[in-house]
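Working notes, beginning with the structure itself.
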Protein chains: 4
Amino acid sequence: MSFCETQRTRLAPLWDRMLSHPFLLQTRDGTIPHETFASWMRQDYLFVEAAIPFLAALIPKGPASHWEPMTQAIGALIRELRLFEERADAVGVEIRGTQPSFTTHAYIQFLLATAQNASYEEAYTVLYAAERAYHDSWRMVRDGLERSSPWWPFVENWAGPEFAAYVAYLEVELDKLAAEAGPDRLHRMVEAFETTVRYEIAFWEMAMTGEGWPGIPSTNQALT
Amino acid sequence: MSFCETQRTRLAPLWDRMLSHPFLLQTRDGTIPHETFASWMRQDYLFVEAAIPFLAALIPKGPASHWEPMTQAIGALIRELRLFEERADAVGVEIRGTQPSFTTHAYIQFLLATAQNASYEEAYTVLYAAERAYHDSWRMVRDGLERSSPWWPFVENWAGPEFAAYVAYLEVELDKLAAEAGPDRLHRMVEAFETTVRYEIAFWEMAMTGEGWPGIPSTNQALT
Amino acid sequence: MSFCETQRTRLAPLWDRMLSHPFLLQTRDGTIPHETFASWMRQDYLFVEAAIPFLAALIPKGPASHWEPMTQAIGALIRELRLFEERADAVGVEIRGTQPSFTTHAYIQFLLATAQNASYEEAYTVLYAAERAYHDSWRMVRDGLERSSPWWPFVENWAGPEFAAYVAYLEVELDKLAAEAGPDRLHRMVEAFETTVRYEIAFWEMAMTGEGWPGIPSTNQALT
Amino acid sequence: MSFCETQRTRLAPLWDRMLSHPFLLQTRDGTIPHETFASWMRQDYLFVEAAIPFLAALIPKGPASHWEPMTQAIGALIRELRLFEERADAVGVEIRGTQPSFTTHAYIQFLLATAQNASYEEAYTVLYAAERAYHDSWRMVRDGLERSSPWWPFVENWAGPEFAAYVAYLEVELDKLAAEAGPDRLHRMVEAFETTVRYEIAFWEMAMTGEGWPGIPSTNQALT
């Protein structure tokens, strides 16, 4: 069994918890409150923005054969930001200028720290796990969401064939990297996979609960 | 008013909240449950360990005049790890092999990402704010803790004259860096200061509540 | 006078020396020996390849408004590699698998070290100076080279309108960065500009003389 | 045969060329012109200074067991700078404010780029090869130099028992890293070893010949 299959099997309880998160179920069923979805959009916009330096920082560490696909993936992220802006406009949400929530801030730091400090194989694991998580999550949403929903373009973006091909490519490459990794490196790839899934769950949880910074009353939540 | 004074004044409500956190008050009063303190020791041991690569990564970005003090500060962190190990031994706590909690993981990623991606001035702000927070926190604890307490050596370490001199040195240098920074850079230093205080509060909160990863039931908390 | 103009004026003697280098004059006049040009192609192919991680490493350090143009510039470098491969094929030169000469190795290390350790402003200065040097150098070659020359496509690439627009964009942005830089940072930008011009001259010199590693006889030149 | 032994055997012709470089022979025999030695001191002072951020940048990439020895090695480099300053004072040489020669600049860029972009194993190879080269070079000098020579303290520093123990420690650790490295990584370690020896030879050559930047007449050599 390949590295990616092995991890998805091992982490099935967490993966299923992610895919059955109330945020996704309510989005699929069209019952998600508008402000809850808007809040997720604002936070995910920050996350997608941070994914650009994450991918860019991987290029110098990776094999030359990965440079062109990684550059194209950065291009796709730039288009994804446009999609957020366009959707926010369409439904009257102000998407710019939001402060990151605790979980968004933490997940972004994890991306950036991993890109700089971890091995390429470990950082590539985080990239795959996060992209695969979004692909699976929005395929789940697709199974129920009305095409007339203002959120349908997100389904088209992450559950569509282009993104599917990208995730499949990442899986092939990650399996190759894992096949060549020594035991220490492989162990850290396994940990990075799980940590990413944990952050994905935390992200949906944050979007649903409107969580603040721990130990700080809501009146002091906004960074000044 | 200097940069550091300005920020401590501006952030007084958060700083006071930090200094009056139940974890610190109970530690001062000798009423903190043993397992709660042990849990903090395990998490802070991970944090101090991560502070070593954080400081090391700052050296190549900083002026040559900072290299020797920063190298000495790394030496102090190595001795701090020994202190944790010695205290853990003394009270029969197994300190090694713990998994980071969500907040510890996030705060460590913040350190590492900042060291690599932020300007030197911004990263130096995080260093000062975190060290100053510990100095003030343990001076508060000193005001009540019995000298016979097994936790007294932590007071000696962070509230003592050597650490005081180190924090005073950091403040002088940070004020100099701030005086030379342009408005954009200064704005990011201000944000970095506040974010660090928020993480400090979150850290005491985590130590007190034994928080897990958001959205994951306690049976799945341990990373495998 | 803008930063870029000031530097080009200040460095005019070096810039003129670069533009009147025998390699460029002989290329313009069609008198360059085939093997000399082939040797340059092999070394510059290595350099262009290394420019990809250089640009990618700049993205996390730069403002978000630079991310899309920088990503497009990486795309242009990938197409530039194809141009080298296509030209090498056309004239029967084996372009892959060459070892870097001393100067190529050094210039590549300078790019990579600058991207990681220097400020964004300094690294952007290196990018501009190197791209502008190529634009001016190949415009000089264009003034004499026959359109039927196998090297004409290099003229089209670097002296053409698309590259001209790219260099003009870099100049506008670099002048903005310089206008906001404090005196220390500006001083380092000035140094980085000059160092880049020195490396450009060294590169033509290496291509012309077939230089080896200093102090090592030619029989030991090849890295094993 | 261990990795280090294998490489020293494989590279024996280059290693011998390094050890029999005229600069070292003349230093050993006390016939080196004062200005030639002073010129080396100025350039090597720049190199030792750059080795501090090189070592610091390795700490975040290496195993925790390497942090304390690496921190001590930085301390040793700081003392080495003091030695240069003290010797320069003693013989009336102005050691500060020198511009790096082409080879010094290139070698420093190689150190910094390797620390940031290469694997830890590769960077550790460069560290070992450079330190071992100095240890062997100055042991060679020790065999002839008078103890009354003003350069004797350099012999004591690099050929002495403390430095010998440090180099022996690095060799044990590097052999362990090599034993665990996969074939690709090992191949790059082999290349890094050879490149370092080449730079060491180039450095003595530069010190002996007073080389300038290629293609630039001596009147323009100084960076402004």
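Averaging over all projection directions, find the projected area of the Cα convex hull of segment C:13-108 and quote it in nm² with one decimal place. Write out the running numbers ahead of the final one.
Details: hull surface 31.5 nm².
Reported value for the Cα convex hull: 7.9 nm².
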Check: Packing-wise, with mean Cβ within 10 Å as the measure, how do D:128-135, C:24-31, A:196-203, B:57-64 rank, highest first?
Finding: A:196-203, D:128-135, B:57-64, C:24-31
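Which three semi-axes in whole Å describe the equivalent ellipsoid of segment D:103-224, each the square root of 5 times a Cα gyration tensor eigenvalue, listed largest first? Intermediate values should be presented prior to the final figure.
Working: eigenvalues 152, 117, 20 Å².
Each semi-axis is √(5λ); the values are 28, 24, 10 Å.
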Next item on the list: List the distances, in nm and shortest first, from the label point of A:Glu5 to the matching label points in every other copy, placing each point 7 Å from Cα along the Cα-to-Cβ direction.
Entry: 4.4, 6.6, 6.8
Notebook entry, point to check: How far, in whole Å, is the nearest Cβ of chain C from the axis relating it by rotation to chain B, and which residue carries it?
Noted result: C:Gly182, 3
Notebook entry, point to check: With charges set only on the Cβ (+1 for Lys and Arg, -1 for Asp and Glu), what does the dipole of chain A come to about its Cα centre, in debye to the nearest 20?
Noted result: 140
Next item on the list: Anything over 21 Å Cα to Cα? Flag those among A:Lys61/C:Lys176; B:Lys61/D:Lys61; B:Lys61/C:Lys176; A:Lys61/D:Lys176; A:Lys176/D:Lys176, in the order listed.
Entry: A:Lys61/C:Lys176; B:Lys61/C:Lys176; A:Lys61/D:Lys176; A:Lys176/D:Lys176
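Across peptide B:62-74, how many C-beta atoms of other chains are within 10 Å of each residue C-beta, on average? Show your work: numbers first, answer last.
Numbers: counts 2, 1, 5, 0, 0, 8, 5, 0, 4, 11, 3, 1, 9.
The per-residue average across the peptide is 4.
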Next item on the list: Within 10 Å of each Cβ in peptide A:15-28, how many partner chain Cβ atoms are there on average? Round it to a whole number, please.
Entry: 1
Check: Using a ≥ b ≥ c from the Cα gyration tensor of the protein assembly as shown (square roots of the eigenvalues), is it rounded, prolate or oblate, where a/c under 1.5 gives rounded and otherwise the larger of a/b and b/c decides, a/b for prolate?
Finding: oblate
Item checked: Compactness of segment A:1-53 - radius of gyration and Dmax, Cα, Å -> 14.9, 43
Notebook entry, point to check: Hey, any idea what the orientation-averaged projected area of the convex hull of segment C:3-205's Cα atoms comes to, in nm²?
Noted result: 10.7
Notebook entry, point to check: How big is the gap, in Å, between the Cα center of segment A:34-86 and the Cα center of segment D:105-149?
Noted result: 41
Next item on the list: Extending each Cα 7 Å along its Cβ direction at B:Glu191 and A:Tyr169, get the distance between those two points in nm, one decimal.
Entry: 3.1
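More than 17 angstrom separation, counting every C-alpha pair in segment D:157-199; what % is that? Kindly include the intermediate steps, with their values, before the conclusion.
Details: 425 of 903 pairs.
Tail fraction, whole percent: 47.
Bear in mind that the values in this text are calculations on the coordinates, not laboratory data. For clarity, every value in this text was computed on a predicted model and none was experimentally measured. All Cβ positions, even for glycine, are placed from backbone atoms using ideal geometry, and neighbour counts span all protein chains on display.
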